[in-house]
Structure formats: structure tokens, C-alpha cells
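Accompanying notes for the structure given below.
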Amino acid sequence: MSDKKKEPSGCGCANIPFSVIIIIFAGGYWLFTQRNNIDVSKLVSQAQQITNPIFNSTPNITANPTPIIAPTPQATPTKSPSPAISSIAKITPNNQPTPSQTSIPKTTPLPVNSWQKKAIRGIYLSRYQVTNNATEKTIRERVRYYRAQGFNTIIHGVWGNGCTMYNSKVMQQTLGYKSCPNLFQYQWLDWLIDEAHKQGMQVHAYFEKGIKIDKNSPIFDLAIEKKWVVPGVDKTYPAIEHYVLDVEIPEVANFFKNILVEFVQRYPKIDAVQWDDYLGYHAELPGKVDRTAKLTAFVQQMITGMKKANSTVSFDICHHNPYWAKRYFAADWEKWNVDRVFIQVYNDANFQEELNYVKNYHGIAISEPQFHRLKALLDNSEVKSVLVFPASGKPEETASTFNNLIKKQ
């Protein structure tokens, strides 16, 4: 019988050298005794980091990941330094606006000349000079033209010779027709006011001729028939004969008050209304009758009615100085409770004397014959406002001439 090789059985522990077994038991005993001093989790973590280097980088998680073409990975991954906080603030996605604080550049204001320092720089336009069937475009262009010539106020006729330059219910009910016989566009004044306000200008409604009419008035025959006219002819200005509507007659007084109330309600954005020396009588009318007190009462009632209807509108007058107005026109306007007074100085002979009155009120009204006085007016700080009346009847030429003179000052 031959010898057979025996196969090993069990775990094979019997074949481990005894010295190795002693080392294992000793190491286990040491770990058991030092378990409180060693953070086993750190050992495991470090072992994982050594065997799994991909954990060294933090994944960039986005709510809606967009597929991108990744660059070829490097053999050894490296960490990129985190950007500073100030740099992060500047990084924004391409599809969103970059927030920024833009500083408004400082601009040097244009020098203000003595003309621009005047509170009201006005020019008069007769009731027929813009309204004659003018289109909206024409009216707006003319407003811009006067703005370019240096004016900040347009004083435009809206009433004259006994009728309105707009459709009036008061006119219709009282006289049987709604306006003066003029081919005006219904919205002409709305356009003018709107464009003026857009240009930073004001519009003052000019009640030309006031309480006076001439033979060309559409109400002349009716006024004579109803005896609405003060006896005699008003020859204040020799070029034309005027007739004064008698405001001591209640029907006439109410007509004017209703017209004014209607106007400031119809055009609530109008800045002011202005009446001139035609709001008065003539000293040489027949009979020694003092009409001063009655005229004062009429104007006060008219202003009260207007203010009640629209308190934002200024009631202004452009009249003779208070002495002349009361002495020759029965117009004691210092008692009328008006808002502003401009002194007419169309007579160059008394210019210096008139300035003594002008400085006590709101300004002066001049015409072409006074243009040589321009420098004196601009240099005088007591002259608060200047109104230009184109006596030539050519306001655009007058405005251009005036502006050229201003530039030479």
C-alpha cells in the first residue's frame, strides 16, 4: 500500500505561526485600551479619501442643469480658489441685466441773462392772429416759435367787440348766436393751452376791448336797440369810435359775469385772464356823471363770480397808472381786488415818470417805440415782468426783433 498526501482541514489557523498570533492579539488589546483617544471615523474618512480622490471636489448642483461640453479631464484634479466676495457681486448670468448705479453727469447750467430773470415775459396775440381757421399743427408750431424767441407767456385774445372767440352757450342764450363771426377751429384754444404748458409756458386769456364795442361789432345794432350803451361816443383813441356798454344795467352786468364764469369753467387750465384799459369809461362822455363807484362794484362782482367758479385763475389787468386810470377812465382799479397789475407805458414821453408806478406793481407793457429802452428795463430789478404789445400787428416779426435786441444786451 502506497502513502497518500493528507488534505488540510478547518481554517488553517493551526498553520499560522505562533508569533503572528501573539502580535494580532497584542494589537487588538492596544486598540481596545485606546478606543477613547482615537477618532475612528477620521481614520475611515481618510482611508476613503485616499482610495476615492473624486470626493475632494464639491459637485455644482443647479435646479435646471444645462448640458455643456466638458473639457477633457486632467490626470490630477485640482481645486480652484474661491472668488472674493467683491468678485462674486460682479458675476451675473448673460441673460439678466447687470445691476449698476450710474451717476448722473453734472451739467453746468446755462447762464441766466437779465431777460430770463423777469417773472413774466409775455407777448400779446390779437384774437384774429392765430385763430383764422388754423390747424392744430399751425397753432402748436406758433407756440413753439414764441418759446424759441424767449417768451414764457402768451396773452391771447378770446373776447372782443362784444363776442367770444369760442362757442359760448351764454352768447347763444343771450344774443342768439354762439361766437364771433370767425372761421376758428373749435379746439384752437385747447391746443394752444396744451402746447404752451408742454413748453413750460403760460396762457393768459386777453379780453380785448373790454366793455367797449364799435360799429363793426355783431351786437352793435342790438345794443343800440336795447339801450345798453352809455350815451355819447368814446374817443379815447381817435383812430376809432367806441361805444361803452353800460354795466350799470343789470342785464349787461350779468352778461359779462356769466361770460367770464363760463370761460374759466370751459377752460379750467387757463392760467389767467387779463383785461386792459377798455375796462373803463372816457372822461369826455357827455354829462358830469361820476361812474367810478359803479364800475368798481361791477368789477368786484365779476371777479367774485369768476373766483367762485375757478379759484386757480388769476384776474389781471393791464391799465394806465392808478392816477390816470381813475382821473380819465373812472377806473379806480386799486379797489378792484385784482391779482396782478401791469402798467401800460406806450407813451414814450412820460417813460421815466411811469417807471415810478411800474416798480410798485407786477410789471410793464411796452410796444415797439419803447424797444430802445430795453437795456434800462432789463437792468432794473424793480421791473418784475415785461409784456410786449405788437402795435404793428405783426407779432412774429415783433418777437423776432425783440429777441435779436435781447441777444445784443
| remark: The simple spin-label model distance between residue 290 and residue 216, using points 7 Å out along Cα→Cβ, in nm, is 3.8 nm
| request: Take every Cα-Cα distance within region 147-217, group them into 10 Å bins from 0 onward, and report for each bin the whole-number percent of pairs it holds. | output: 19, 44, 28, 10, 0
| Based on the mean of other beta carbon atoms within 10 Å per residue, what is the order of 296-305, 115-124, most packed first? | 115-124, 296-305
| request: Work out the FRET efficiency for residue 226 and residue 128 from their Cβ-Cβ distance, taking R0 = 30 Å, and round it to the nearest 0.05. | output: 0.70
| query | What percentage of all Cα-Cα pairs in region 189-311 are separated by more than 20 Å? | reply | 50 percent
| said: Given 25 °C and 0.890 mPa s, compute D for region 283-326 with the Stokes-Einstein relation, Rh being the Kirkwood radius over Cα pairs; round to the nearest whole µm²/s. | reply: 195 µm²/s
| Between residue 283 and residue 403, 0.36 nm times their residue separation minus their Cα-Cα distance comes to what? | 39.4 nm
| message | Expected output is a single nm value to one decimal: the length gained when fully extending between residue 372 and residue 185, i.e. 0.36 nm times separation in residues minus the C-alpha distance. What is it? | response | 63.5 nm
| query | Convex hull over the Cα atoms of region 277-409, averaged projected area in nm²? | reply | 9.7 nm²
| said: Past 30 Å, Cα to Cα: identify those pairs from 198/294; 227/335; 212/394, in the order given. | reply: 198/294
| query | Can you give the % of DSSP beta bridges in region 141-252 that are antiparallel, to the nearest 5? | reply | 50 percent
| query | What is the packing order of peptides 178-187, 328-337, 365-374, taking the mean over residues of other C-beta atoms within 10 Å and listing the highest first? | reply | 328-337, 365-374, 178-187
| said: Can you compute the modelled spin-label distance between residue 113 and residue 394, with each label point 7 Å from Cα toward Cβ, in nm? | reply: 2.2 nm
| Cα-projected label distance for residue 323 with residue 144, points at 7 Å along beta-carbon direction, nm | 4.8 nm
| For region 172-187 and region 139-166, what is the separation of their Cα centres, given in Å? | 19 Å
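Each reported figure results from applying straightforward, stated rules to the coordinates on display, with no laboratory input. Just so it is clear, the model here is predicted, and its values are computed rather than measured. Note that we place each Cβ from the backbone using ideal geometry, even for glycine, and neighbour counts take in every protein chain shown.
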